[in-house]
């Protein structure tokens, strides 16, 4: 595995984020790819505004070569059980980046905000996301919240399985 950097998201990565957030990435997610760079900018700016107010953690995953390869985030830091997410561009899958990125986000939420429970949700057909969850089994009790079938606004049919990750250490 190459060395990566996990750092706060900066708008310098807007185009890279926009270009990498593809149909393949969003296949099993509620969001769809952005329709325009402006739409991506607006959403990411809202996340940055939330981060400034201590409500969100938004991190960039940067490759050894200095390229943006994905992000990890935690939303709802004022809640008891904030929601976590991570995505890595398809060409960089299976390199351990998602685990590293999500671990940094979780550690930050624990250290800076005192959070010990997190909500993780993935489509049951997203094998990578399900495997990723299991990598946290030593540090978190993983509590199954059941499966919810739903159809997104754009017509994607999802089978989302929620989990609560409860810190054991």
*Largest-first principal axis extents, alpha carbons of the range 88-159, Å*: 39, 30, 22
_Between the range 129-168 and the range 9-45, what is the separation of their alpha carbon centroids in Å?_
22 Å
*Among 137, 109, 98, whose mean-square fluctuation peaks in a Gaussian network model of the chain (Cα, cutoff 10 Å)?*
137
*Taking the Cα atoms of the range 1-91, what is the range of coordinates along each of the three principal axes, in descending order and whole Å?*
34, 31, 25
*Of the DSSP beta bridges with both residues in the chain, give the percent that are antiparallel, rounding to the nearest 5.*
95 percent
_DSSP beta bridges in the range 1-85 [antiparallel fraction, %, rounded to 5]_ = 100 percent
*By how many nm would the segment from residue 45 to residue 138 lengthen if fully extended, with 0.36 nm per residue of separation less the alpha-carbon distance?*
30.0 nm
*Please report the Cα spread of the chain along all three principal axes, rounded to whole Å, starting with the longest.*
39, 36, 34
_GNM result for the chain, Cα springs below 10 Å: residue of 96, 70, 155 fluctuating most strongly_ = 155
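Where a number appears in this text, it was derived from the coordinates with a stated rule and is not lab data. Remember, it's a predicted structure, so these values are computed and weren't measured experimentally.
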